[in-house]
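Here the structure comes first, spelled out in structure tokens, and everything after it is commentary.
The values are calculated or read from the model by the stated rules, or taken from the named source; none is laboratory data. Model, not experiment: these values are computed from the prediction. Here the Cβ positions follow ideal geometry from the backbone for every residue, glycine too, while neighbour counts run over all protein chains shown.
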Amino acid sequence: MSSNHSDTKSPWSSITGPNLGYIMEMYDLYQETPELLDPEYVKLFKQYGPPTDVTPVQQNSVEPNNFGKVLAAVNLAEAVRAHGHLASDIYPLKDQPIDTSRMEPSTYGLSEQDLKEVPVSLILSNAPADVNDGLDAINYLKSLYTEKVAFEFSHVIQPQERSWLQEKIEAGIAKPSLDANKKKQVLDLLTRVEGFEKFVHRTFVGQKRFSIEGVDSLVVLMDELVRMSESAGTEDIMIGMAHRGRLNVLTHILNKPYEMMFAGFAHVGDEAFLPEDGSLQITKGWFGDVKYHMGAAYKSATGTNVKLAYNPSHLEIVSPIVAGQTRAAQEDTSKTGIADLDPKKSYSILIHGDAAFPGQGIVTETLNFSRVRGYQTGGSIHIIANNLIGFTTEQFDSRSTHYSSDPAKGFEVPVIHVNADEPEAVVAVARLAFEYREKFSKDILIDLIGYRRYGHNEMDEPLVTNPTMYHGIHQHDTVRELYGKQLTAEKILTEDDVKKLDIDTQKEMQEAYDRVKENKSDEFPKVEMPEAVLNGFPEVPTGIDKEVLTKMNEELLSWPNDFSAFGKLAKILKRREEPFKGKGKVDWAHAETLAFGTILQDGNPIRLTGQDAQRGTFAQRHLVLHDEKNGNELVPLHHISDAKASFVVYNSPLSEASVLGFEYGYNVENDKALVIWEAQYGDFANMAQMMFDQFISSGRAKWGQKSGLIMLLPHGFEGQGPEHSSARLERHLQMAAENNWTVANLSSASNYFHILRRQAKMLGKESIRPLIIVSPKSLLRHPLVGASVDDLTEGHFQTIIEQPNMGKDVKKVKRVLFASGKMAIDLAERVKDGTDYKWVHIVRVEQLYPFPAEKIKAIVDRYSNAKEIAWVQEEPKNMGSWTFADPYLRELADGKEVKYFGRTQRQSPAEGDGEAHKVEQTRIIDEALAKL
């Protein structure tokens with residue numbers, strides 16, 4: 001049979017004798033003149049191929065004049081499988097329309113008697129014993145596909161996945177048979193989930209908690225996933241979620257004690273209630289965050305780590321971060337070459353909101369990672385905690401799709417919809433999702449459909465904006481009440497048992513709160529900024545022995561004999577031999593590669609990603625070489641001597657926010673890895689602004705979350721227009737405080753070499769902080785930027801560099817200029833050896849933050865006759881680093897006039913015309929160097 005034909009069970013297997021002969025005649029006609037054939041026959045032949053090599057079965061045959069009925073019955077069965085979700089009982093409030101039209105026999109011209117005459121095997125494989133005919137088979141399918149659980153998987157391309165899902169569903173996996181003990185456990189958990197919300201609502205009146213009520217069974221679902229993970233030997237479960245329900249997840253999935261939870265509401269220190277066995281780990285920043293943004297890590301008795309990521313109110317923004325953490329937990333980076341990936345070690349549970357899932361683009365950006373080699377994690381389990389509302393906005397105003405889950409279908413993610421009021425069904429779909437992920441290493445989505453018992457927060461009155469929905473909610477029993485009644489009806493528990501469970505839970509919580517009150521103090525404990533953060537980086541020696549660099553350089557340029565590099569590129573790279581022979585300079589990309597090699601030899605793994613990162617936006621890097629004849633890849637850094645860790649460089653998807661978030665998460669989880677994200681152009685970082693704002697710049701102060709992530713943002717005004725000129729340096733400097741990150745605008749390849757090595761040496765230390773480098777474009781190959789080999793073997797990173805051969809005659813200097821990056825090189829090109837500019841001195845400020853005030857102060861004091869100190873920049877006055885540097889310079893000026901040379905204030909960063917740019921750049925340099 002052609003590979004284009006379905007490999008689900010063929011209907012021909014149940015057709016025998018003259019009926020088979022009739023079908024074969026129809027197939028001959030289909031091959032010769034298909035347009036004369038009934039379209040239903042054409043569809044069937046296309047799907048299942050020719051009716052040959054079939055095995056006769058002992059079953060009533062189908063009369064030739066009834067074959068149309070058979071086709072109709074098969075189509076009805078397929079409609080139930082594909083469209084049963086539209087008729088399913090998946091809405092607890094029963095307030096959504098259902099569509100049964102596709103599942104009605106009459107739609108296909110069938111009666112019940114017609115269906116009774118259809119063999120079961122045409123419709124259903126492995127039918128239960130009580131399914132005797134086609135009508136029974138259709139009704140059985142409806143019981144599987146149109147009740148409390150609904151499925152969408154026809155969009156999945158791989159037939160083996162579809163077949164597996166169909167077999168699982170039709171074997172009754174969605175109708176689990178839980179034993180009495182398991183049912184009692186589920187009710188106990190639901191009682192605790194609801195009881196926690198009731199206790200907080202009653203005890204801490206008016207405080208926000210973003211209640212889970214309405215999707216209480218989310219905790220049941222997650223609890224079952226954790227149980228299955230423990231049984232499978234999973235090492236790490238990474239959880240990402242927004243604020244709704246987070247407090248309940250913290251206490252019932254991560255086992256944060258009730259005392260700690262209530263202490264947060266009572267504004268009491270919670271450290272005294274931290275479990276002494278070390279099973280729970282919580283980090284805190286000195287500035288803090290609201291309780292429903294906090295995370296934790298719990299180690300279970302089986303050794304499985306359950307981690308809930310910290311997340312601000314930006315809802316879905318945490319998803320790529322958790323994906324990055326998961327990838328880091330899966331990888332062994334201790335060996336050379338590509339890191340070893342084991343998707344079974346770790347996986348992520350990503351919990352989404354129903355309004356946010358289709359509404360926020362970061363969701364689809366993250367879904368897109370699922371099968372991308374540098375970002376895949378072997379599948380995430382996605383859960384939509386579906387309240388059918390976002391804040392006050394109902395679904396008809398918030399999305400164009402039928403379900404909030406529909407964006408996932410574009411990525412072939414199977415979708416399971418489940419009624420949140422059916423906890424046993426929730427347990428079943430948790431098991432199915434876990435098994436699917438284990439088998440196929442792909443994402444799967446559970447749409448947990450419930451409601452929201454209160455408003456967006458507990459102070460809102462939803463009847464003002466959503467009266468119809470909330471009148472229904474106010475009359476609706478909670479899932480605990482419903483399940484308690486079910487277990488009473490099943491005689492597993494009595495009504496008194498159910499009531500006692502609730503009473504005992506409230507008593508336990510009250511006792512926990514009483515212990516909190518006993519621990520109350522007039523002084524709220526203050527978390528101090530760690531001294532290592534306060535003191536900043538020490539001066540770190542980063543030079544490397546010349547023999548080591550020489551040998552490494554030779555290895556980087558020694559390729560296998562059977563590898564055919566592109567000829568032109570090979571010549572360019574072979575020039576990298578010359579600086580080691582005393583000819584020429586080490587350019588920016590060459591210095592970067594050498595730095596990477598030495599960092600690998602020191603034992604730190606490296607992960608570099610970005611759009612076109614392997615080659616480099618400006619064709620400067622070439623860390624991955626491609627065989628010109630067969631396309632095979634060669635990574636020279638995989639073949640250097642004495643490397644002790646992995647090295648990977650991946651071209652990323654065309655996304656900024658999700659990719660940067662992924663790399664941040666990776667580095668948070670693997671704090672010894674040098675993780676680098678490079679923007680294709682610096683202004684592309686705009687697309688990831690929330691990552692800078694909410695995580696990278698402030699995560700340490702809010703949550704105590706450390707990161708040594710490096711961001712390379714190409715920057716420089718070169719007449720290329722408003723875009724691709726500015727990395728928006730001013731934004732990063734505006735957020736700079738409390739030693740939260742390093743911001744550098746470098747003018748030296750050797751300084752780039754040393755700052756990379758300094759960052760690597762600080763990884764894993766208490767003082768580590770992220771590093772932003774507004775990296776060069778035209779300067780990548782500029783001779784004034786290049787370094788000698790000695791520059792790499794000696795010294796350390798320099799926060800400032802004084803222009804060589806200038807300012808020698810201290811008394812003659814009347815103006816001291818400070819500049820960074822390309823502007824400093826433009827000035828250097830003009831002054832050359834400085835002979836004609838004895839009245840001016842130029843200082844390159846390589847590190848903008850932390851601002852090197854002491855070193856600059858020493859230079860200013862040295863030139864006592866100077867009348868002016870001035871900041872020179874290529875950016876407009878309201879951009880760049882001027883507004884950041886200005887107050888520092890005024891404080892250090894010691895009576896000297898502080899001046900600015902640069903573009904005037906602008907709303908757009910750069911001129912659109914190249915010639916206009918040149919005129920303006922020349923003006924800035926002329927004015928800065930004009931003689932006093």
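For (1) surrounded by 11 or more Cβ atoms within 10 Å (Cβ to Cβ); (2) in contact with a Cys (Cβ under 7 Å, 6 or more places away or on another chain); (3) at pLDDT 75 or above; (4) farther than 16 Å from Val74 by Cβ, each residue gets a yes or a no:
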{"position": "Gly21", "(1), (2), (3), (4)": "yes, no, no, yes"}
{"position": "Tyr30", "(1), (2), (3), (4)": "yes, no, yes, yes"}
{"position": "Leu37", "(1), (2), (3), (4)": "yes, no, yes, yes"}
{"position": "Leu44", "(1), (2), (3), (4)": "yes, no, yes, no"}
{"position": "Pro51", "(1), (2), (3), (4)": "yes, no, yes, no"}
{"position": "Gln59", "(1), (2), (3), (4)": "yes, no, no, no"}
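Does region 116-143 hold any residues that are of a type in the set (Asp, Glu) and not in a helix (DSSP H, G or I), and which are they? Across region 116-143, the qualifying residues are Glu117, Asp130, Asp133. Every listed requirement among (1) more than 21 Å from the chain's Cα centre (by Cα); (2) part of a strand (DSSP E or B) is met by His352 save one, (1).
Put simply, of Asn553, Asn561 the only residue that is within 23 Å of Asn751 (Cβ to Cβ) and either exposed (fewer than 13 other Cβ atoms within 10 Å of the Cβ) or in contact with a Lys or Arg (Cβ under 8 Å, 6 or more places away or on another chain) (or both) is Asn553.
Going through Val743, Val659, Val649 one at a time, which residue ends up being part of a strand (DSSP E or B) and either without any contact (Cβ under 8 Å) to a residue 60 or more places away in the chain or under 25 Å from Val635 (Cα atoms) (or both)?
Values: Val743 fails: either without any contact (Cβ under 8 Å) to a residue 60 or more places away in the chain or under 25 Å from Val635 (Cα atoms) (or both); Val659 fails: part of a strand (DSSP E or B).
Exactly one of Val743, Val659, Val649 is part of a strand (DSSP E or B) and either without any contact (Cβ under 8 Å) to a residue 60 or more places away in the chain or under 25 Å from Val635 (Cα atoms) (or both), namely Val649.
Scanning region 582-598 for residues that are β-branched (Val, Ile, Thr) and buried (at least 24 other Cβ atoms within 10 Å of the Cβ) yields Val586, Thr598. Restricting the first member to region 624-640 and to residues that are in contact (Cβ under 8 Å) with a residue 12 or more places away in the chain and over 13 Å from Ile606 (Cβ atoms), and the second to residues that are among the β-branched types (Val, Ile, Thr) and in a helix (DSSP H, G or I), the beta-carbon pairs closer than 9 Å and six or more apart or on different chains are Pro636/Thr593. Selection of region 144-159 for residues being farther than 21 Å from Leu218 by Cα and either part of a loop (DSSP other than H, G, I, E, B) or at pLDDT 95 or above (or both) yields Leu144, Tyr145, Thr146, Phe153, Ser154, His155, Val156, Ile157, Gln158.
Checking Val840, Val872 one by one, the residue that is hydrophobic (A, V, I, L, M, F, W, C), more than 10 Å from Val816 (Cα to Cα) and buried (at least 23 other Cβ atoms within 10 Å of the Cβ) is Val872 and no other.
Taking the criterion of being at pLDDT 95 or above, assigned to a loop (DSSP other than H, G, I, E, B) and more than 38 Å from the chain's Cα centre (by Cα), the only residue of region 576-608 that qualifies is Lys585. If you check Ala928, Ala910, Ala916 for being surrounded by 12 or more Cβ atoms within 10 Å (Cβ to Cβ) and in contact with a Ser or Thr (Cβ under 6 Å, 6 or more places away or on another chain), only one passes: Ala910. Residues considered: Ser767, Ser750. Of these, the only one that is small (Gly, Ala, Ser) and either free of Cβ contacts under 8 Å to residues at least 60 places away in the same chain or in a helix (DSSP H, G or I) (or both) is Ser750.
Conditions first: (1) touching a Gly at 6+ places or on another chain (Cβ under 8 Å); (2) closer than 27 Å to Thr883 by Cβ; (3) not assigned by TED's automatic domain parsing to the domain that holds Phe901. Val813 passes all but one, so which condition is the exception? Going through (1) touching a Gly at 6+ places or on another chain (Cβ under 8 Å); (2) closer than 27 Å to Thr883 by Cβ; (3) not assigned by TED's automatic domain parsing to the domain that holds Phe901 one by one, Val813 breaks only (3).
Being farther than 19 Å from Met806 by Cβ, in a strand (DSSP E or B), within 39 Å of the chain's Cα centre (by Cα) and not small (Gly, Ala, Ser) is not true of Glu911.
Does Lys571 count as part of a loop (DSSP other than H, G, I, E, B), at negative phi and surrounded by fewer than 21 Cβ atoms within 10 Å (Cβ to Cβ)?
Details: part of a loop (DSSP other than H, G, I, E, B): no; at negative phi: yes; surrounded by fewer than 21 Cβ atoms within 10 Å (Cβ to Cβ): yes.
No; evaluated as a whole, the condition is false for this residue.
Only helices (runs of 4 or more DSSP H) whose full extent lies in region 199-293 are considered here, and the ones with at least 1 residues that are touching a Leu at 6+ places or on another chain (Cβ under 8 Å) and of a type in the set (Ser, Thr, Tyr) are 217-232. Counting just the residues of region 477-508 that are more than 34 Å from the chain's Cα centre (by Cα) and part of a loop (DSSP other than H, G, I, E, B), which one comes out surrounded by the most Cβ atoms within 10 Å (Cβ to Cβ)? Looking at residues that are more than 34 Å from the chain's Cα centre (by Cα) and part of a loop (DSSP other than H, G, I, E, B), I get Leu493. Filtered by the rule that a residue be under 26 Å from the mean Cα position of the chain (by Cα), of a type in the set (Val, Ile, Thr) and surrounded by 22 or more Cβ atoms within 10 Å (Cβ to Cβ), region 734-793 gives Thr742, Val743, Ile772, Ile773, Val774. Only residues that are surrounded by fewer than 24 Cβ atoms within 10 Å (Cβ to Cβ) and closer than 17 Å to Val226 by Cα were counted in region 330-355, giving 3. Residues of region 160-191 that are of a type in the set (Val, Ile, Thr) and part of a helix (DSSP H, G or I): Ile169, Val186, Thr191. The residues of region 833-883 that are closer than 20 Å to Ile925 by Cβ, free of Cβ contacts under 8 Å to residues at least 40 places away in the same chain and assigned to a loop (DSSP other than H, G, I, E, B), listed by number, are Asp833, Gly834, Thr835, Asp836, Lys838, Lys877. Where helices (runs of 4 or more DSSP H) fall entirely within region 358-476, those with at least 3 residues that are in the same structural domain as Ala242 (by TED's automatic domain parsing) and more than 24 Å from the chain's Cα centre (by Cα) are at 395-398, 423-440, 467-474.
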